[in-house]
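Heads up, the thing below is written out as C-alpha cells.
The values are calculated or read from the model by the stated rules, or taken from the named source; none is laboratory data. Source: prediction; values computed, not measured. Cβ atoms come from the backbone with ideal geometry, glycine included; neighbour counts cover every protein chain shown.
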Amino acid sequence: MNSTVIFSDMTTQAEKNLLDKTREVLKKAGVTGIVEENDLVAIKLHFGEEGNLAFVPPPLVRVVVEMVKEEGGKPFLTDANTLYVGKRRNAVDHIETALKNGFGYETVGAPLIIADGLKGADYVNVPVNGKHFETVKISSAVHNADAVIAVSHVKGHDLFGFGGALKNLGMGCGSPAGKQAMHSDLKPEVDPDKCTACGTCLSRCPVGAIERVEKNKAFIEADLCIGCGECVAFCPVQAIPINWETDEATIQEKTAEYAWGVVKPKKEKSAFINYVMNVAPDCDCAPWNDLAIVPDLGILGSTDPVAIDQASLDLVNRAPVMANSVLGDKKDIADKFRAVNNRNSSYIIEHGQDLGMGHKQYTLKSFWLNQSKKHS
Ligand code: SF4
Ligand code: SF4
C-alpha cells in the first residue's frame with residue numbers, strides 16, 4: 001500500500017512564501033483535518049538547544065497554531081525534558097531556552113507546556129507489546145492531548161543517522177527515564193565519589209534495587225535492577241552516569257516503539273509535517289549547528305509518519321552535496337546521513353512499518369514547485 005505525502009519545495013514568490021506553503025501543505029495533507037472543536041492539540045517540536053539555530057523557525061510553527069485554532073482546537077507547543085544535562089533538562093530551563101529561541105506567545109500564538117512536567121516525572125505507561133518494550137513511558141501532556149501534530153526538523157543525528165518525525169515522536173516524547181531505556185540496556189552504577197547520599201534514587205526505584213551502603217552512599221543491586229532508567233534521570237548530581245552504549249538497530253527500534261506509544265492511542269488523531277531545511281549534520285540537541293549538507297529541499301506533510309520520514313530521507317539522498325559542508329567535495333553519495341554519521345538510518349523506518357504505524361511506500365504529491373524561476 002502507498003501512503004500519500006504532500007510536498008512543496010523551498011522556492012517562493014509573492015503569496016507563495018514559506019508561510020503560505022506551510023498552510024497549503026497542511027491543508028492538502030489533511031493535517032488539520034484531525035482536529036475537532038475543543039480538542040487539546042499537542043504540537044510536538046524541538047525548541048532547539050541554546051546555541052543551535054537550525055530548528056524549525058517559530059513563524060512557521062505559528063501557521064500550524066493558527067490552523068489548529070481555525071478548526072476550533074486548542075493548541076499548545078510541547079517537548080519533553082532531556083536526559084543529558086543541558087539547557088532543557090527541567091521545565092524551567094526548557095521554557096527559558098524555548099523563549100530565548102523565539103517561541104514566545106507573541107510569535108507562536110500558543111502556550112508552551114513541557115510534556116513531562118517540572119523534572120520529567122510526569123509520564124504514562126502506554127502498552128505497545130513491542131520487540132523491546134511491553135510498555136513505554138510517554139510524557140503525560142502528549143498522551144493526554146486529544147490530538148498530536150509533530151512538526152519535525154529533518155537533520156543528522158550521531159546515533160540515528162538522521163532525525164525526522166519518528167525520532168521527534170519517539171525519543172522526543174519519552175520521559176528522561178524512558179530516554180535512558182531507549183539508549184541502553186546496560187545496568188546503571190552509582191559513582192560513590194559523586195553520590196551525596198540524598199536518597200532520591202531509592203525513592204524512585206520501582207523494584208527496590210537500590211540500597212544504602214557505607215556512609216549512606218547508594219548502591220544498585222544489578223540482579224534486581226530492571227534498567228528502567230529512573231535513578232539515572234532523577235539523581236540531582238549526576239552520580240549515576242547516563243549509559244549511551246547501544247547499537248544502531250536497537251536504539252532505532254526502541255525509539256520506533258516509543259513513537260508507536262504516542263501514535264497508537266491516537267491513530268486517527270495524529271499528523272506530521274517535516275521541514276527539510278537547514279539539514280545540519282547534527283541533532284538540534286547540539287548547542288551549535290554546522291553547515292547544511294544539502295540545500296534546503298522542502299516541506300512535507302502526511303498522516304503517515306513512516307512514509308513522511310522515508311520521503312524526507314529519499315529527498316536528501318537525491319540532492320546535491322553542499323560543497324562547503326562536512327561532506328565537502330564528495331559527490332554521488334547514496335546515503336548522506338551514513339556518510340556523515342556512519343549509521344544506517346533505515347531501522348527506525350522499518351520497525352515503524354512492522355509495528356503498523358505506516359508504510360514505507362509512498363506517493364509524493366507535489367505543488368508550487370520552482371516558484372523562484374518565475375522571477376526571471
Ligand atoms: S540520587 Fe544520586 S546523589 Fe542521591 S543517593 Fe542516589 S546516587 Fe546518591
Ligand atoms: S535503573 Fe530502575 S530498576 Fe535499576 S536501579 Fe535504577 S531505578 Fe532501580
On the given criteria, is residue 162 within 30 Å of residue 295 (Cβ to Cβ) and more than 15 Å from the chain's Cα centre (by Cα)? no
Could we say that residue 178 is touching a strand residue (DSSP E or B) at 6+ places or on another chain (Cβ under 6 Å), at pLDDT below 95 and among the small types (Gly, Ala, Ser) here? yes
Scanning the range 12-51 for residues that are of a type in the set (A, V, I, L, M, F, W, C), part of a loop (DSSP other than H, G, I, E, B) and within 29 Å of residue 267 (Cβ to Cβ) gives 31, 35, 45, 47
Residue list for the range 29-53, filter: closer than 15 Å to residue 301 by Cβ and surrounded by fewer than 17 Cβ atoms within 10 Å (Cβ to Cβ): 30, 33
Inspect all residues belonging to the range 189-203 and state whether any of them is surrounded by 19 or more Cβ atoms within 10 Å (Cβ to Cβ), within 8 Å of ligand 1 (Cβ to nearest atom) and assigned to a loop (DSSP other than H, G, I, E, B). yes
When you scan the range 137-145, do you find a residue that is of a type in the set (Val, Ile, Thr), away from ligand 2 (no atom under 16 Å from the Cβ), under 30 Å from residue 335 (Cα atoms) and at pLDDT 95 or above, even just one? no
From 243, 289, 274, residue being at negative phi, within 15 Å of ligand 1 (Cβ to nearest atom) and touching a residue at least 40 places away in the same chain (Cβ under 8 Å): 243
Quick one: in the range 162-198, which of the residues that are within 16 Å of ligand 2 (Cβ to nearest atom) and among the acidic types (Asp, Glu) is nearest to residue 351 (Cα to Cα)? 185
Considering the range 322-356 alone, what residues qualify as being out of contact with any Asp or Glu (no Cβ under 8 Å at 6 or more places or on another chain) and closer than 30 Å to residue 269 by Cα? 346, 350, 353, 354, 356
Answer yes or no: is there a residue in the range 207-222 that is away from ligand 1 (no atom under 13 Å from the Cβ), surrounded by fewer than 18 Cβ atoms within 10 Å (Cβ to Cβ), within 25 Å of the chain's Cα centre (by Cα) and at pLDDT below 90. no
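Per-residue answers, yes or no, for (1) of a type in the set (Phe, Trp, Tyr); (2) assigned by TED's automatic domain parsing to the domain that holds residue 341; (3) within 16 Å of ligand 2 (Cβ to nearest atom); (4) farther than 30 Å from residue 305 by Cα:
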| site | (1), (2), (3), (4) |
| --- | --- |
| 209 | no, no, yes, yes |
| 212 | no, no, yes, yes |
| 215 | no, no, no, yes |
| 218 | no, no, yes, yes |
| 224 | no, no, yes, yes |
| 229 | no, no, yes, no |
| 236 | no, no, yes, yes |
| 252 | no, yes, no, no |
| 258 | yes, yes, no, no |
Against the definition (of a type in the set (D, E, K, R), more than 16 Å from ligand 2 (Cβ to nearest atom) and within 18 Å of residue 286 (Cα to Cα)), how does residue 158 come out, yes or no? yes
Out of the residues in the range 224-240 meeting the condition of being outside any loop (DSSP other than H, G, I, E, B) and near ligand 1 (Cβ under 8 Å from one of its atoms), tell me which one is farthest from residue 208 (Cα to Cα). 234
Going residue by residue through the range 170-183, is there one that turns out to be of a type outside the set (A, V, I, L, M) and surrounded by fewer than 23 Cβ atoms within 10 Å (Cβ to Cβ)? no
Does residue 186 satisfy the criteria of being in contact with an Asp or Glu (Cβ under 7 Å, 6 or more places away or on another chain) and surrounded by fewer than 16 Cβ atoms within 10 Å (Cβ to Cβ)? yes
